Amino acid sequence: MNSIQKKILLLTTIVLIIMSVIWIALTYYNHKTQQQYNEILQRYLKLNEVTTSSQNVITDINNYMIKPSEENMSQLNQSKKRMEEAKQGVITLRNEENNFTLTNYVHLMDSFIETTNRLLLFLSENDSEAAAQEFSEVTSISTYISEMSLSLVDTELKTYDRFYRGIIKQSGEVMKLGIFLLLLIMCVLFLVTYWFSLTITRPIFKLTQAANELSKGRFDLQVKVETKDEIAFLARTFDRMRKNINMLISEIKHKAQLEHELQQSKILLQESQFKSLQSQISPHFLFNTLNTISKKAYLEGSEETSDLLVSVAGILRYNLKQLDRSVTLREEIMVVRQYMDIQKARFTDRLRFFMEIDECCLDWKIPSLTLQPIIENAVIHAVEPNEDGGTIWARVIDEKDTVLIEIEDDGIGIHKDKIHLLLTEDSQLVENKSKGIGIGFSNVVKRLRLFYGEEDVITIKSEIGSGTKVIIQIKK
């Protein structure tokens, strides 16, 4: 997903979130208000249920007195049960304002139920006179219950009158708040949309200006867009095109001069090749001489000196090879061992060298004279300046897709600026600013990148006081 799509989705998500939050808040407020309304209505219904239940009991008693049957008795018992349930519901309505009245109301219901039970007892004993008297009492209590229910309802109305007014006032305030939020969101969305449009149109305007200048022949103006989206990528591509065109024009202007210099270079190349052949005579003579001295030292019993001379001769012969040819890791490791044998003879116990080599990686190709200059830098800058010497590790590791070569030391480390100079392949800057750290090292970097065709084939990890690790990654 590209950056402009991300911006659009982000803006849409923000709008949806804001609208969802407002909708959820309003829904919650309406639900809460409706719940409060329902609670008040339930109070009224519970009071009305007591009146209705008492009247139903009177009706069922009258029916039973007229026709004493099992069906009428069952209906009467159900009415009594509903009366008990209504009583339990009324008890939950108690508060500070109706505490006294509600207590009397509950006692009145208890009296109603007790009187009803006595009436049924007299009816079962066929005491008609007592039953008639209790029926009159029950009817009177039912009337009192109805009147007290109305009184309690009136009290509830007075109690919750302020609540009703508060709800109405709160509803008005919520409506005002909703209108204010709507206007605020519209303003915020307008500003965000304006800012979002600028992030797209402003880089396009700069790119258009650069194209106009380019059409006028001004190839020296840099195209710079400070964004991180597709337009910035387009601007960088456009700038590269400008540089390429400028470079092409420069090449055309200097074509004649370059052809002339090319002819002169051919002459100089022939002379340099002749001098190179002459310069190899002395190293070959020195190589043969070292072999002769080595054999003589061996015959005289100086085996250590003989081995040292053999190592020197091996390195000399290896250095006589062309730098542009490739060798195997096995050959590079062999010359590193010969070089370290010479350095151990020089530094003795001050130099500690360890190798961890995966044998299955030794047949991979690598440019000639790659590892020895890196090891040499480690000896010069990690071992030689330190009075106690130093330690150098050389590793060849077989990974899934790459062969990893690590050369690590425990020296003083390299500053980040010097690492940058080494990896930019600028030998002149390295020589001037790094005090001779790596003209050879910079050449190694250049040859590795040319050989493998990748920029990240070599990396340097180092901190001041924590040593240095050079990592070469060879893709299989």
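The values are calculated or read from the model by the stated rules, or taken from the named source; none is laboratory data. As the structure is a computational prediction, the values presented were derived from the model and not from experiment. Neighbour counts are summed over all protein chains in view; Cβ atoms, including those assigned to glycine, are modelled from backbone coordinates with ideal geometry. In case anyone asks, the SASA skips ligands and DNA or RNA and just uses the protein heavy atoms, side chains included. Shrake-Rupley method; radii C 1.70, N 1.55, O 1.52, S 1.80 Å.
What is the gain in length, in nm to one decimal, between E384 and L41 on full extension, counting 0.36 nm per residue of separation less the C-alpha to C-alpha distance? Walk me through the intermediate numbers first.
Details: separation 343, 0.36 × 343 = 123.48 nm, distance 9.56 nm.
Taking 0.36 nm per residue and subtracting the Cα distance, the gain is 113.9 nm.
May I ask which of K243/K461; K253/K418; K365/K461 have a Cα-Cα span longer than 30 Å here? Walk me through the numbers on the way to the answer.
Details: K243/K461 33 Å; K253/K418 36 Å; K365/K461 24 Å.
Beyond 30 Å: K243/K461; K253/K418.
Based on the mean of other beta carbon atoms within 10 Å per residue, what is the order of 48-59, 456-467, 131-142, 23-34, most packed first?
Numbers: 48-59: 19.3, 456-467: 14.8, 131-142: 17.4, 23-34: 11.6.
Ranked from most to least packed, the peptides come out as 48-59, 131-142, 456-467, 23-34.
Taking only protein heavy atoms and a 1.4 Å probe, what accessible area per residue, in Å², does region 1-127 have with all protein chains in place? List each step's numbers first, then the result.
Values: 8130 Å² over 127 residues.
Accessible area per residue, region 1-127: 64 Å².
At a Förster radius of 22 Å, what calculated FRET efficiency corresponds to the Cβ-Cβ distance of H254 and L450, to the nearest 0.05? Walk me through the numbers before you get to the answer.
Working: r = 25 Å, r/R0 = 1.12.
About 0.35, to the nearest 0.05.
Per 0.36 nm of contour for each residue apart, how much would the distance between T27 and D349 grow if the chain were fully extended, relative to their Cα-Cα spacing? Kindly include the intermediate steps, with their values, before the conclusion.
Working: separation 322, 0.36 × 322 = 115.92 nm, distance 8.20 nm.
Between T27 and D349, full extension yields 107.7 nm more.
Based on the mean of other Cβ atoms within 10 Å per residue, sort peptides 80-89, 390-399 so the most packed one is first.
On the way: 80-89: 16.0, 390-399: 17.8.
Going by the mean number of other Cβ atoms within 10 Å, highest first, we get 390-399, 80-89.
Between K461 and L16, how many nm apart are label points set 7 Å from Cα along the C-beta direction?
4.2
With bins 5 Å wide starting at 0, give me the P(r) of region 354-421 over every alpha carbon pair, in whole percents.
Spelled out per bin, shortest first, that is 4, 14, 21, 23, 17, 14, 7, 1, 0.
Under the 0.36 nm per residue contour assumption, what length would be gained going from the current alpha-carbon distance of E97 and K67 to full extension?
Values: separation 30, 0.36 × 30 = 10.80 nm, distance 4.45 nm.
Contour length minus Cα-Cα distance gives 6.4 nm.
Taking all protein chains in place and a 1.4 Å probe, what share, in percent, of the accessible surface of region 14-144 do carbon and sulfur account for?
Working: 4410 of 8110 Å².
Carbon and sulfur atoms account for 54 percent of the accessible area of region 14-144.
Rounded to the nearest 20 debye, what is the charge dipole size of region 319-405 about its Cα centre when +1 sits on each Lys and Arg Cβ and -1 on each Asp and Glu Cβ? Please report the intermediate quantities before stating the final value.
On the way: 11 positive and 16 negative charges, 54 e Å.
Roughly 260 debye, rounded to the nearest 20.
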